[in-house]
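The values are calculated or read from the model by the stated rules, or taken from the named source; none is laboratory data. Keep in mind that what you see is a predicted model, and the values were worked out from it rather than measured. We place every Cβ from the backbone using ideal geometry, glycine too, and count neighbours over all the protein chains shown. Just so you know, the surface numbers come from the protein's heavy atoms only, side chains and all, with ligands and any DNA or RNA stripped out. Shrake-Rupley method; radii C 1.70, N 1.55, O 1.52, S 1.80 Å.
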Amino acid sequence: MKILAIESSCDETAVSVVADGRKVLSNVIASQIAKHAITGGVVPEVAAREHIKAMMPVLKTAMKEAGVTKDDIDAIAVTREPGLIGSLVVGRITASALAFAWDKPLIEVNHIHGHIYANWLETEAEPEFPIITLTVSGGHNELWLMRGHGDAELLGETVDDSAGEAFDKVARLLGLGYPGGPIIEVRAKNGDSNAFKFPIGMKNDKNFSFSGLKTSVFYTLKDNPAILDNEKMVDDVAASFQKSVVDALLIKLMDAVKKYPVKEVHLSGGVSANGYLRARVAEELGKIARCRLADGPGRDGSPCERNELCLRYPKKLSYCTDNAAMIGAAGFYLTGKKFE
Ligand code: KG4
Ligand code: ZN
């Protein structure tokens, strides 16, 4: 089954053709990062206008690269919500028009479910349930226990900012540009993660909170403005901040992994591109079980053996951040099912 998928919830206009939920035939993304870097964040009105410009060229390229015509497409999938309304409208109207004109079913997909299903893309063997899956993006922070497709329990979510949002805001405070995550990750490599003591929000709660951490960085910089003129100290703030975020994510993730007898642990969303997060999760899982990376980069591609706890994150960095292939995967696996 071939699904043509469309994603336009924030600042990426993306179209993909996905076969049987896992095989990516094309994955085209027009990023607006350069536009939003000027303002240090996404301006909704600008994003919507950019989607209007990019949608048809991206759609045509995705179909051409996949080598398909409308007759090869079995269904259209599109991001329903959440997201910026003006941005979502462009994708949804395009998808509805195609479904109507081509007489194909329209599958509406929740954006976060899309991120979760990015871990099915290009896998040799299908992930095995039960799974603990942590989605960390610019807008969302959710921890789910999945017992099957559409059989899932929300274990925790952010009560304020998401981790990605905190990365973006702290990068802005440090004058590092947009988006903040990748820049902070690079700067943190040269920094001392114990140089500053930043708080971990809602340590003893099932939910996440990152606004206190962001405020703490703000006051640290306000009280010590000289930090911004010192490259080494900026690296130290980046490293200490990144450690606090990852510590907070790990507390809830590991609590869940210890509580439920799961076969796999998944990371997804833009922040799952972060190498420090991936390494720390692998390290912690290794302490409680024989853990290995399920057909991830650098591994042999074989499925996990019994008694192993498999760690997955999307197979390409472009499947961590917003893309349409993940919407095609979620559309395939969740059609006719609820995710709750
Ligand atoms: O999933 P995504 O593309 O969009 C949303 O659904 O929100 O996530 C974007 C977020 C941004 O906040 C960005 O700073 C963060 O993902 N991000 C990272 C990294 N790459 C992207 N955060 C930490 N480390 C990274 N390497
Ligand atoms: Zn996203």
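Out of curiosity, is residue 255 open to solvent by less than 40 Å² (accessible area, probe 1.4 Å) and either in a helix (DSSP H, G or I) or closer than 27 Å to residue 121 by Cα (or both)?
no
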Residue among 234, 265 that is crowded, with 23+ Cβ neighbours inside 10 Å and outside the structural domain of residue 10 (by TED's automatic domain parsing): 265
Yes or no: segment 106-113 includes at least one residue that is farther than 18 Å from residue 309 by Cβ, modelled with pLDDT of 95 or more, in the same structural domain as residue 273 (by TED's automatic domain parsing) and more than 14 Å from ligand 2 (Cβ to nearest atom). no
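Whether any residue in segment 94-104 is over 21 Å from the mean Cα position of the chain (by Cα) and among the aromatic types (Phe, Trp, Tyr) is what I want to check.
Of all residues in segment 94-104, those over 21 Å from the mean Cα position of the chain (by Cα) come to 94-104.
Then drop every residue that is not among the aromatic types (Phe, Trp, Tyr), which leaves 100, 102.
Checked against the condition, which is being over 21 Å from the mean Cα position of the chain (by Cα) and among the aromatic types (Phe, Trp, Tyr), segment 94-104 yields at least one hit.
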Among residues belonging to segment 174-216 that are out of contact with any Phe, Trp or Tyr (no Cβ under 6 Å at 6 or more places or on another chain), outside any loop (DSSP other than H, G, I, E, B) and of a type in the set (A, V, I, L, M), point out the one that is most open to solvent (accessible area, probe 1.4 Å). 186
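Is segment 145-164 home to any residue that is away from ligand 1 (no atom under 15 Å from the Cβ) and in a helix (DSSP H, G or I)? It would help to see each step written out before you state the result.
Of segment 145-164, the ones away from ligand 1 (no atom under 15 Å from the Cβ) are 145-156, 159.
Add one more test, that the residue is in a helix (DSSP H, G or I), and what stays is none.
No; the residues of segment 145-164 include none that is away from ligand 1 (no atom under 15 Å from the Cβ) and in a helix (DSSP H, G or I).
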Sole miss for residue 46 among (1) over 17 Å from residue 8 (Cα atoms); (2) in contact (Cβ under 8 Å) with a residue 12 or more places away in the chain; (3) away from ligand 1 (no atom under 16 Å from the Cβ) is condition (1)
All positions within segment 76-120 that are in contact with a Lys or Arg (Cβ under 7 Å, 6 or more places away or on another chain) and free of Cβ contacts under 8 Å to residues at least 12 places away in the same chain: none
Pick from segment 300-316 the residues that are modelled with pLDDT of 90 or more and in a loop (DSSP other than H, G, I, E, B): which of them is farthest from residue 125 (Cα to Cα)? 316
Across segment 41-66, which residue is most open to solvent (accessible area, probe 1.4 Å) among those that are of a type in the set (D, E, K, R) and either under 19 Å from residue 5 (Cα atoms) or not in a helix (DSSP H, G or I) (or both)? 64
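Which residue out of 201, 212, 191 is of a type in the set (Gly, Ala, Ser) and touching a Leu at 6+ places or on another chain (Cβ under 7 Å)? Before you say what the answer is, go through the steps one by one.
Numbers: 212 fails: touching a Leu at 6+ places or on another chain (Cβ under 7 Å); 191 fails: touching a Leu at 6+ places or on another chain (Cβ under 7 Å).
Unique residue meeting the criteria: 201.
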